[in-house]
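Everything below concerns the one structure shown next.
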Amino acid sequence: QVTCVEVVEAYVERIREVNPLINAVVKDRFEEALQEARQVDKLLSEGPDDDYLEKFPFLGVPITVKEAFCLHGMPNTSGLVNRRNVIATSDATVVSRLKQAGAIPLGMTNCSELCMWYESSNRVYGRTNNPYDLQRIAGGSSGGEGSVLAAACSVIGVGSDIGGSIRMPAFFNGVFGHKPTTGVVPNDGQFPNAQGVRTSFLCTGPMCRYAEDLEPMLRVMAGPGVNKLKLDEKVSLEKIKFLCMDHDGGSIFVSPVDKEILQAQKKVVEHLESDLGVQVQRVAIHKMKYSFQIWSAMMSSADDDGQEAQLFTDLLGDHGKPVWPLWELVKWLVGMSSHTLPAIALGLTEKLMKLNPGGNAKLVSMGKSLQEEMEALLGRDGVLLYPSHPTIAPRHNSPICMPFNFAYTAIFNVLGLPVTQCPLGLSSEGLPLGIQLVAASHNDHLTLAVARYLEKAFGGWVLPGKA
């Protein structure tokens, strides 16, 4: 009904209209995208071919990519000032696979400095705003991606997640995001990439406005690795064992869960029970209370070969001189540092983590036993409902006051479980609500099926300003 050029032009126009407000797209490739769209139209005009959708499931679909990933000819700074002249000379594997599937990248989206904070702000591109309220955060580290999708500037997007970097932005911006089972989608071609033990915590995954796009994206991004998942298995929702946990049990490091988030979760439980005739089982998993401590200890532990985890401070010095966090803090106080405060703070705190090796070892073993407990609890047919974050999208800079709230998403990275964040309409203030759907490893098909079901029941994505 419409040409590919018309579709790409519509999205380019939309980005030009709203990006000055949200600052989500940090570098565009509009000319190249239009050129690629013309090629698609030429291909289609040469006669219909039923194989096109087989060969190119995303033929002509506009996408955006988190700036931490390599996209040929585009910047790859990850928000680090010293890398501002770094231009990618190749594509990350997932980007290459999406392009081969016919997708057309429109540009790169903002992230937090070195992808290690849940507000997307840095000294290279500035700060990204939430399209539902410009005074609120878009989340991080894939915050530009969450914001751009919510504002209807792109159809699908590429994110990565080591502590919730896909799911938090998806939650704050009212879109879908999926953290796949660990080790299925390749992570190569992004900066910083995981090393040592962190290679089993970092996940690359899809973000989008519509639940039905998650699975085809996951298939393309995973490539041959998709065989490890059961995406062709038919899911009978009535046969899923639904579990529900309202909060982490009351960690001292984390905010209590917002009433409206709890209400939204309660509505989901009631809907599942009345519509599907299932019994949602309430669970209280004691170790979840220590989510933040377990994540931190496992992130800084050595791998099986004894390789130490890479220091964040070393990453801060990439393409430049070594960084001394304490000196950077002094410079920051007088407006002289090229780093953000969260990055400096992380550099300072990682030194403290090294001071208690005994305590860390205990937490790592607690994490391993929690993993076994979760796998046994979820089994082949279980889906856990769990808050995506304790609060609705906070105001800019306020995460500094509650830096550990990302524990609600982070725990599932170190457990290696697949999780889909699913939007559930808007709060009384017009901000997105949502929920995490968690399954045992390699059961991504269950969370994706429940996400599609909840989208129909609760309406999914809501256009900002339309509420």
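The values are calculated or read from the model by the stated rules, or taken from the named source; none is laboratory data. Note that the structure is predicted; figures quoted are calculated from it, not measured. Every residue, glycine among them, receives a Cβ derived from its backbone with ideal geometry; neighbour counts consider all protein chains shown. In case anyone asks, the SASA skips ligands and DNA or RNA and just uses the protein heavy atoms, side chains included. Shrake-Rupley method; radii C 1.70, N 1.55, O 1.52, S 1.80 Å.
The figures follow:
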item	result
Pairs with Cβ under 6 Å, 6+ apart, first in segment 5-31 and crowded, with 21+ Cβ neighbours inside 10 Å, second of a type in the set (Asp, Glu)	VAL26/GLU67
Test: residue in segment 411-425 that is buried (at least 24 other Cβ atoms within 10 Å of the Cβ), closer than 14 Å to ASP258 by Cβ and within 22 Å of the chain's Cα centre (by Cα)	yes
Residues of segment 263-287 classified as in a helix (DSSP H, G or I) and either buried (at least 16 other Cβ atoms within 10 Å of the Cβ) or in contact (Cβ under 8 Å) with a residue 40 or more places away in the chain (or both), total	10
Selection within segment 426-448 - among the hydrophobic types (A, V, I, L, M, F, W, C), under 18 Å from GLY205 (Cα atoms) and within 18 Å of the chain's Cα centre (by Cα)	ILE435, LEU437, VAL438, ALA439, LEU448
Members of segment 288-321 found to be at negative phi, exposed (fewer than 14 other Cβ atoms within 10 Å of the Cβ) and modelled with pLDDT under 80, listed by number	ALA302, ASP304, ASP305, GLN307, GLU308, ASP314
Segment 449-467: number of residues that are open to solvent by 50 Å² or more (accessible area, probe 1.4 Å) and in a helix (DSSP H, G or I)	3
Single match in GLU350, GLU328 (criterion: more than 20 Å from CYS111 (Cα to Cα), modelled with pLDDT under 90 and under 25 Å from the mean Cα position of the chain (by Cα))	GLU350
Some residue of segment 51-61 being farther than 20 Å from SER147 by Cα and either crowded, with 20+ Cβ neighbours inside 10 Å or among the small types (Gly, Ala, Ser) (or both)	yes
Selection from segment 172-201 of residues that are open to solvent by 30 Å² or more (accessible area, probe 1.4 Å), modelled with pLDDT under 95 and out of contact with any helix residue (DSSP H, G or I) (no Cβ under 7 Å at 6 or more places or on another chain)	ASN193, GLN195, THR199, SER200
Qualifying residue in segment 45-59 (condition: acidic (Asp, Glu) and modelled with pLDDT of 95 or more)	no
Any chance THR77 is part of a loop (DSSP other than H, G, I, E, B), surrounded by fewer than 22 Cβ atoms within 10 Å (Cβ to Cβ) and of a type in the set (Val, Ile, Thr)	no
Filter result for the condition that a residue is open to solvent by 50 Å² or more (accessible area, probe 1.4 Å) and either in contact with a strand residue (DSSP E or B) (Cβ under 7 Å, 6 or more places away or on another chain) or among the hydrophobic types (A, V, I, L, M, F, W, C) (or both), over LEU43, LEU114	LEU43
Matching residues in segment 212-231 - criterion: being open to solvent by 40 Å² or more (accessible area, probe 1.4 Å) and touching a residue at least 24 places away in the same chain (Cβ under 8 Å)	GLU212, PRO216, ARG219, LYS228, LYS230
Residues that are of a type in the set (Asp, Glu) and farther than 30 Å from LYS287 by Cα, drawn from segment 415-467	GLU429, GLU455
Selection within segment 393-410 - in contact with a helix residue (DSSP H, G or I) (Cβ under 8 Å, 6 or more places away or on another chain), open to solvent by 20 Å² or more (accessible area, probe 1.4 Å) and of a type in the set (A, V, I, L, M)	ILE400
Residue within segment 60-68 that is farther than 22 Å from GLY159 by Cα and touching a residue at least 40 places away in the same chain (Cβ under 8 Å) present	no
Residue under evaluation HIS442, criteria (1) under 21 Å from VAL383 (Cβ atoms); (2) of a type outside the set (S, T, N, Q); (3) open to solvent by less than 10 Å² (accessible area, probe 1.4 Å), criterion not met	(3)
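Results for (1) among the hydroxyl-bearing types (Ser, Thr, Tyr); (2) modelled with pLDDT of 95 or more, shown as yes or no for each residue.
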{"residue": "LEU355", "(1), (2)": "no, no"}
{"residue": "GLU373", "(1), (2)": "no, yes"}
{"residue": "THR391", "(1), (2)": "yes, yes"}
{"residue": "PRO418", "(1), (2)": "no, yes"}
